[in-house]
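Bear in mind that the values in this text are calculations on the coordinates, not laboratory data. Every value quoted in this text rests on a predicted model; they were computed, and no experiment measured them. All Cβ positions, even for glycine, are placed from backbone atoms using ideal geometry, and neighbour counts span all protein chains on display.
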Amino acid sequence: MTNVRHRIKEVLAELKAEGHRQTQIAESLGITQASVSSYSRGEHDVSIPVAMLFEANYGYRKDWILNGELPKKVDSKNQLAEVARIAKQGRDLDSIPEIRDLLPDIKKLKEEDYNVLVTTIRRFLGKK
């Protein structure tokens with residue numbers, strides 16, 4: 001079992017201890033309950049987009065889940081400051097280097113990962 005699998009199992013155990021159910025976690029991430037179950041059993045690694053969703057929804061850093069880079073959880077103040085900085089640049093995607101540079105990679109995503117990303121963006125924007 002890889003360290004990624006150990007870390008995602010740890011995340012899921014902590015979320016369960018906080019009262020989250022697998023079905024709730026799956027729904028919040030836009031993935032199947034079966035996927036969450038396989039992660040909790042250590043059967044599969046998480047993809048980058050799914051790790052990003054764990055970060056966005058539960059605060060466990062993508063870089064910690066995938067690579068073990070500390071800190072384990074996001075610093076909410078720093079994250080909010082970064083979101084505010086990007087938002088102040090305007091809504092034109094071409095004017096936001098962080099997003100513009102990701103567009104070619106987004107186009108290459110597998111369909112499931114693409115759907116997860118779109119779901120996350122919609123939730124962030126308050127659109128379901």
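Brief remarks follow.
- Label-to-label distance for I48 and H20 is 2.2 nm, based on points extended 7 Å past Cα in the beta-carbon direction.
- Spin-label model distance (nm) - N57 vs L125, 7 Å beyond Cα toward Cβ: 1.9 nm
- Extension gain for the segment L103 to E27, taken as residue separation times 0.36 nm less the Cα-Cα distance, is 24.8 nm to one decimal.
- Taking label points 7 Å from Cα along the Cα-to-Cβ direction, L70 and H6 give a separation of 1.5 nm.
- Using a cut-off of 20 Å between Cα atoms, the listed pairs K9/K72; K9/K108; K16/K110; K73/K108 include K9/K108; K16/K110; K73/K108 as exceeding that distance.
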